[in-house]
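Accompanying notes for the structure given below.
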């Protein structure tokens, strides 16, 4: 079973909050905690494993408040992903440990240069590049400008980006590359985030949430694109789609770069 199919998101809204100090993995109950790339995940809901918290190790970087697995899934500590509930053996009791919640509000008040859109969830600035490149070339083009391909690693960011595209004609009608990719052969490796989540070793961070189109990913390709406001007939009213597709990496598409807000 592939975790990408399991973790398709029916967009969930969670509240952004900051934690004052994230624990290291050794500070947390091993039965409730796992590590994937740079990220530590710990179950915080006793007995049902539907809720978890994310930390970034080893630097105690602030993270979002509790996150919820998609409907019908639970957080599987043994595999460090949201998985089908029937496959998850849930610990009886879990404690988030360290780092209490923030005040429920965001202290991220960054600003963006002209031509960029502020993502208040990640505190990054985005720009749409209307030059069609393959995924690797798009990634290199962002890097050359001191930026990276867009990462959508939380349900909040996914929802925010959908709303941005649905309400902005500049963003609405294009398929775009983002920083997700499966490296190792079509269908042979899990999808990971690169870009700002590539990590010091460049190995990426596992993609836990995906707002995939129905029957996607179908392993037709290794790179993640976000689709446009698809219509079956040009005469129909616009109907927002913006679902994800695994596309061949050599396909030319527009792309989205991001950089930290100032």
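Read-outs throughout are calculated quantities, based only on the coordinates presented, and are distinct from any laboratory measurement. Remember, predicted model here, so these are calculated numbers, not experimental data. Counting neighbours? That spans all protein chains shown, and the Cβs are built from the backbone with ideal geometry, glycine included.
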- Query: If you take every DSSP beta bridge whose two residues both sit in region 117-260, what share of them, in percent to the nearest 5, is antiparallel?
  - Reply: 90 percent
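So for 82, 49, fewest C-beta neighbours within 10 Å to most, what's the order?
Sorted ascending by nearby Cβ count, the order is 49, 82.
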- Inter-site label distance for residue 140 and residue 167 at 7 Å from Cα along Cβ, in nm: 3.8 nm
- Item | Residue exposure sequence - 131, 31, 42 - by fewest surrounding Cβ within 10 Å | 131, 31, 42
